[in-house]
1. When only the heavy atoms of the protein chains count and the probe is 1.4 Å, how do Ile123, Ile463, Ile165 rank by accessible area, highest first?
2. How about the range 171-218: which trypsin sites (Lys or Arg not before Pro) there lie in a loop by DSSP and see at most 14 other Cβ atoms within 10 Å?
3. Using a 1.4 angstrom probe and counting only protein chains, how large is the accessible area of Lys323 in Å², to 10?
4. Once the whole set of protein chains is in place, how much accessible area is left on Tyr203, using a 1.4 Å probe, in Å² to the nearest 10?
5. So what is the relative contact order for the chain, in percent, with contacts set as C-alpha pairs under 8 Å and at least six apart?
6. Long-range amide H contacts for Ile395: which residues qualify at under 5 Å (H placed 1.01 Å from N, peptide plane, sequence gap of 5 or more or a different chain)?
7. Give me the angle, in degrees from 0 to 90, between the Cα long axis of helix 161-186 and the longest principal axis of the Cα atoms of the chain, rounded to the nearest 10.
8. Treat every Asp and Glu Cβ in the chain as -1 and every Lys and Arg Cβ as +1, leave all other atoms uncharged, and give the resulting dipole magnitude about the Cα centre to the nearest 20 debye.
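The values are calculated or read from the model by the stated rules, or taken from the named source; none is laboratory data. Remember, predicted model here, so these are calculated numbers, not experimental data. Here the Cβ is made from the backbone with ideal geometry for all residues, glycine too, and neighbour counts use every protein chain on show. These area figures cover heavy atoms from the full protein model, side chains too; ligands, DNA and RNA do not enter into them. Shrake-Rupley method; radii C 1.70, N 1.55, O 1.52, S 1.80 Å.
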Amino acid sequence: MKYAPPFHRTNGLVPVIIALATLIVLPLIFTDTYVRHILILVFIYAILASNWDLSLGYGGVFNFAHMAFFAIGLYAYGIGAKIIGIDPWLTILLAPLASMAFAALLAAPILRLEGIYVILVTIAASQLLLKIVVSQSDITGGTSGMVLLPRLTIGDYRLTSDGRIGYYYVALLLLAASTVFLYKLERSSVGRAIKALRDNKYYAISRGVSEGATRLYTLCASAVLPGLAGAFYGSYVRVASPDVFGLSFLTITLSILLVGGVSTIWGPIIAAFAITVFAELLGEYGAWRDIIVACVIIGVVVIYPGGLFAGIQELWDALDSRKAALIALWRRRFQAGRRSELMGGPDRMVETSHGRIAVFDNGNSGQALLFIHGNSACKEAFFRQVAAFGDRYRIVAFDLPGHGVSENGNPRTDYNYEAYARVAAEIVEKLSLGTPIVFGWSLGGYVALEYAAAGNPTRALAICGTSPLGTFPDDMPLGYIASPHMELAGKRFFSWYEKRIYAAKTVPAEDAQAQLVRHAVWRTDGRAREQVVARMKTVDWPRQIRLMKEGTVPFAMINGPEDPFINHDYCAGFPYGNIWRGKTQNIAGGGHAPFLAAAAAFNAAFAEFLAEFETLKPATQSELATPD
């Protein structure tokens, strides 16, 4: 299942509202006609570049006839509104049909072509269209073009009145419509097919994607808004000139696309504003302006091949990681009492090869229990087990790097299963835990398996909410149920809504004490989520499978049957070598975190598991009760 949240539940909502509100009030602040003229051209270039990105960036089709779509819309407006006499507004709406017809004709010869051959054919098609326009001088005006095209009016009101404010708002409306269209299309099944053909054509075809139909749709869809923009441009400048087929329009639009960032919706829009405003600020430099702008464009493309949007994302990434680190620092200093009250004792920072890690240790002299939390959680997730087993066992829990109140790590070296397992091993060594019994939840289950499979001292091993994986990614659809939550597990940036639903699904307990665990999602370094999922392909999964099949370490799997993420039949049917009680255990009402949602039943089962490795008698039910 592809995770595609509605726009109002993404991080883009607030910036877009601010930008749109600014553009709406801008002409009311800057009443100068020239400023409005420049902004109208910016909107048109943004439409051209962002729609070119649909075929060039998302589709991987090197279509250099894109400006012909704009030119066809322009001339269609001139012929329809001036020569035939159709209403200008209706002509603007009909002009995209001519652009789409040309796009459909263009799709046929390039269907089986790739790379440079597509470029040559599309350039030739554009030049052929130019020759046709020039040759039909009785209709198109030839090299002189068509002049005095009809203006747009609403009743008796001309859109050129009041400093062209009418044209400004129509252009802004066209840009908004174009952006919504591209956003919806990119997230649709057709959009996914377009990107699949770009990324791996033959695999996409083998999965039922029609190359011909998809390319046809890509070119036609990328022609709609440019054709509309071309017709609007004709009504604005009142001239249809063959210059639109030239290199000037082409290079400006292509520069905006490359500077903004290919395969992004927002990049070309941002670049259209940035390049235009920058060029206007350099107006006093005369001929040097174009040279300076060209050098800046080259510099941006070289330094940030992903364009300005990639640079903005890097800046956002740095700010987001810094925010997560500041939240962790604030919680270390000002929420220590709250954590201590919940866990029954303070935590402390332990220096490891992967940064300073926050560790809770109750200091008991009994058998050590090492608890490892899940993705975007924290060590306090096990506060009910600390309360239930703290008098009988030495309980140690720690925050993974980038989680809880541990410090952020280096994404390249610290956010992966092997690094997390080494952190666990170093804590075992530094705290002299001997041979601990290890419990891992969700992501922590894989960390626990990796820790034990690497040969670290392990008396017994128990996991929860974790499906065994023999190979990645082949076993993922077997071990897990496809859901939007699974994609959220590897998403770097969370919106407020995504944080809330991720925490609710991961931590089903709703009491006040569990809120601290839920709030761990807000603190987690998003790079940790992204990198740990991205690096799953590097994990030695067969080593973990051998550990479970050979049964050299006593093993238990204790899940909640309502866990919405793992495939329970797959987990139950796995050939374990030495699983406790001969099968996986289920705790009714436990969800993804039975140790939290159904703590009493979980603690009773876990106590029986622990008793097999202790001379101590199992704890009574009253001893396992946890405070509300």
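1. Working: Ile123 70, Ile463 0, Ile165 30 Å².
Sorted descending by solvent-accessible area, the residues read Ile123, Ile165, Ile463.
2. Working: sites: Lys184, Arg187, Arg192, Lys195, Arg198, Lys201, Arg207, Arg215; in loops: Arg187, Arg207.
Hits after loop and neighbour filter: Arg207.
3. Surface accessible to solvent at Lys323 totals approximately 90 Å².
4. 140
5. Working: 1048 pairs, mean separation 82.7, N = 628.
The normalised contact order for the chain reaches 13 percent.
6. Asn362, Gly363, Asn364, Leu369
7. With rounding to tens, the tilt is 50 degrees.
8. Details: 53 positive and 48 negative charges, 56 e Å.
Charge dipole, the chain, about its Cα centre: 280 debye, nearest 20.
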